[in-house]
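J.: Have a look at this one.
The values are calculated or read from the model by the stated rules, or taken from the named source; none is laboratory data. As the structure is a computational prediction, the values presented were derived from the model and not from experiment. Positions of Cβ are backbone-derived with ideal geometry, glycine not excepted, and every protein chain shown enters the neighbour counts.
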Amino acid sequence: MPGIKSMYQYMRFDEEFSYETPFWVEHPFYYRTKLLYGLVYFSELWGGHLCVSCNIGIDLLLCCLSRQMSMHFKYIGQKIERYCPTGGPGDNVFLSKLIEQHQLILKLCLDLNEIFGISLVFNFFSSSGIICLSAFQVTVEGPGMEFMKFFLLLVSALGQLFIVCSFGNELIESSLSIIECVFNHPWYRGSQSYKKQLVIFLLRCQKPATLIAKGFSVVSLVTFKQVSSMSYRIFALLNTFHAE
């Protein structure tokens with residue numbers, strides 16, 4: 001955007017080329033020449049691209065792995081919902097294998113929280129700061145390029161936070177959906193030992209699998225509401241100080 005703006009002013013209004021760069025960076029050399037300006041501009045664009053890619057890439061990887069866990073929970077639910085017990089020993093073998101698979105997925109969810117727990121905390125606090133500050137800039141800036149820049153930043157921060165929270169909410173709902181699937185299958189045809197094993201399985205399924213931001217909160221749409229509310233309170237405080 002700064003380069004396009006400078007070229008437009010130079011070609012349209014015959015103004016002096018301003019050599020604007022994407023970021024406010026102090027350079028230890030004089031870069032206001034065609035060659036050095038191009039190199040500096042490209043290096044700053046590349047640095048910004050790397051920062052955005054690392055930020056979004058971690059969230060995308062988390063969302064992909066979370067969706068995989070949700071798919072496995074739904075698969076277990078569909079498998080037990082379609083199963084018709086016969087009252088024989090094969091029912092217990094089927095349920096035992098299903099419980100082992102369920103335990104394995106729960107363990108993978110714990111590993112997921114260990115890997116991404118700290119990054120989720122950083123994501124929530126950084127998103128909260130970006131949302132409140134960009135919303136404040138949107139109200140301060142008048143119509144123009146700066147207004148559009150901060151408005152797009154606000155929308156992207158809200159969208160990124162919402163996507164992560166929606167995937168966390170999906171994981172909770174998919175793990176709890178197994179309970180409904182158990183009740184929907186003809187469990188009453190099973191043997192007494194099968195029913196007892198099923199009760200133990202149901203008790204474990206009542207505790208949902210969750211994504212947890214370490215030391216902060218469970219990742220869900222409720223968390224999105226809480227972070228948005230906190231950002232709005234900070235925005236209202238900044239707006240009050242600015243008005244005074």
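J.: Within segment 59-91, take every residue that is touching a Ser or Thr at 6+ places or on another chain (Cβ under 6 Å) and either of a type in the set (V, I, T) or modelled with pLDDT of 90 or more (or both) and give me the one that is farthest from E180 (Cα to Cα). Write out each step before concluding.
T.: The first filter runs over segment 59-91 and keeps only residues touching a Ser or Thr at 6+ places or on another chain (Cβ under 6 Å), leaving 70, 73-74, 77, 87.
So of that shortlist, the ones also either of a type in the set (V, I, T) or modelled with pLDDT of 90 or more (or both) come out as 70, 73-74, 77.
On the way: S70: 15, F73: 12, K74: 11, G77: 8 Å.
Checked segment 59-91; the qualifying residue farthest from E180 (Cα to Cα) is S70.
J.: From the list F116, F136, pick out the single residue that is of a type in the set (F, W, Y), at pLDDT below 85 and in a helix (DSSP H, G or I). Full working, then the answer.
T.: Numbers: F116 fails: at pLDDT below 85.
After applying the criteria, what remains is F136.
J.: Out of everything in segment 72-88 that is in a helix (DSSP H, G or I) and in contact (Cβ under 8 Å) with a residue 40 or more places away in the chain, what residue ends up being surrounded by the fewest Cβ atoms within 10 Å (Cβ to Cβ)? Before you say what the answer is, go through the steps one by one.
T.: Residues of segment 72-88 in a helix (DSSP H, G or I): 72-82.
From what is left, the residues that are in contact (Cβ under 8 Å) with a residue 40 or more places away in the chain are 73-74, 76-78, 80-82.
On the way: F73: 28, K74: 17, I76: 22, G77: 24, Q78: 13, I80: 20, E81: 16, R82: 10.
Among those residues, the one meeting the criterion is R82.
J.: Among the candidates S53, S66, which residue alone is surrounded by 16 or more Cβ atoms within 10 Å (Cβ to Cβ), of a type in the set (S, T, N, Q) and closer than 30 Å to C165 by Cβ?
T.: Working: S53 fails: surrounded by 16 or more Cβ atoms within 10 Å (Cβ to Cβ).
One residue alone meets the criteria, S66.
J.: Within segment 142-188, can you find the residues that are part of a helix (DSSP H, G or I), over 24 Å from the mean Cα position of the chain (by Cα) and loosely packed, with under 13 Cβ neighbours inside 10 Å?
T.: Within segment 142-188, M145, E180, F183, N184, Y188 qualify.
J.: Within segment 82-103, is there a residue that is closer than 30 Å to Q192 by Cα, polar (S, T, N, Q) and in contact with a Cys (Cβ under 9 Å, 6 or more places away or on another chain)?
T.: So in segment 82-103, the residues closer than 30 Å to Q192 by Cα come out as 82-103.
Narrowing the set further to residues that are polar (S, T, N, Q) leaves 86, 92, 96, 101, 103.
Pick out the ones that are also in contact with a Cys (Cβ under 9 Å, 6 or more places away or on another chain) and you get none.
Among the residues of segment 82-103, not one is closer than 30 Å to Q192 by Cα, polar (S, T, N, Q) and in contact with a Cys (Cβ under 9 Å, 6 or more places away or on another chain), which makes the answer no.
J.: Which residue pairs have Cβ atoms under 6 Å apart, sit 6 or more places apart or on different chains, and have a first residue in segment 15-36 that is surrounded by 10 or more Cβ atoms within 10 Å (Cβ to Cβ) and a second that is at pLDDT below 70?
T.: E15/Q9; F17/Y10
J.: Could you list, in sequence order, the residues of segment 212-227 that are crowded, with 18+ Cβ neighbours inside 10 Å and in a helix (DSSP H, G or I)?
T.: T223, F224, V227
J.: Additional query: From V227, V219, V155, which residue is modelled with pLDDT under 90, touching a strand residue (DSSP E or B) at 6+ places or on another chain (Cβ under 7 Å) and either β-branched (V, I, T) or at negative phi (or both)?
T.: Working: V227 fails: touching a strand residue (DSSP E or B) at 6+ places or on another chain (Cβ under 7 Å); V155 fails: touching a strand residue (DSSP E or B) at 6+ places or on another chain (Cβ under 7 Å).
Sole residue among the options that is modelled with pLDDT under 90, touching a strand residue (DSSP E or B) at 6+ places or on another chain (Cβ under 7 Å) and either β-branched (V, I, T) or at negative phi (or both): V219.
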